[in-house]
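S.K.: For reference, the structure I am asking about is given below.
Rule-based calculations on the coordinates, nothing more; no lab input. Only a predicted model underlies this, so the values are computations on that prediction, with no experimental measurement involved. When we count neighbours, we look across all protein chains shown, and the Cβ atoms used for this are built from the backbone with ideal geometry, even at glycine.
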Amino acid sequence: MGPMKKILPHIEIGHDEYGAVAVSVEDYELFDFISDYVTEQCNLDWEDKTQKENEQGEVHTMYFSKKHSIKDVEGALLKLSPTEIDDIYMHLITNMLHCNQQHLTSSCYLTSGHCHLLCKKPHKSRQ
């Protein structure tokens, strides 16, 4: 993958080794929001996804069809408010901490691998 550029909190954009636009997103819940946004509201289809772990946790990368330019994808993403992106990410972190503090035996409602690492409770599958 080529060099990535941070365009929003927790989101980077660049090209993969084949020239396709790649967007990396920290954490699954935020990735899910971005995926829904680009496909449903922006009509930008992506073709593949990878996941890796780094020091901050999960990083999910979506790879767009080559028919979409980096300008198109970046322009669509920049219509989102950085504050909204941070709020989504911080909401997730707050929920994980709350989940961890309660030490409940019931299933956690979050689907994030981050929460699983913190609270160690069974997680409901995504519907």
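S.K.: Could you name the aspartates and glutamates in cross-link range of Lys52, using Cα to Cα under 12 Å and dropping any fewer than eight places away on the same chain?
M.R.: Reachable aspartates and glutamates: Glu26, Asp27.
S.K.: If each of Gln51 and Glu17 carries a label point 7 Å out from its Cα toward its Cβ, how far apart are those two points in nm?
M.R.: Result for the modelled spin labels: 2.3 nm.
S.K.: Report, ordered by chain and residue number, the aspartates and glutamates lying within cross-link reach of Lys67, taken as a straight Cα distance under 18 Å and ignoring same-chain residues fewer than 8 apart.
M.R.: Correct list for Lys67: Asp16, Glu17, Glu40, Asp45, Glu47, Asp48.
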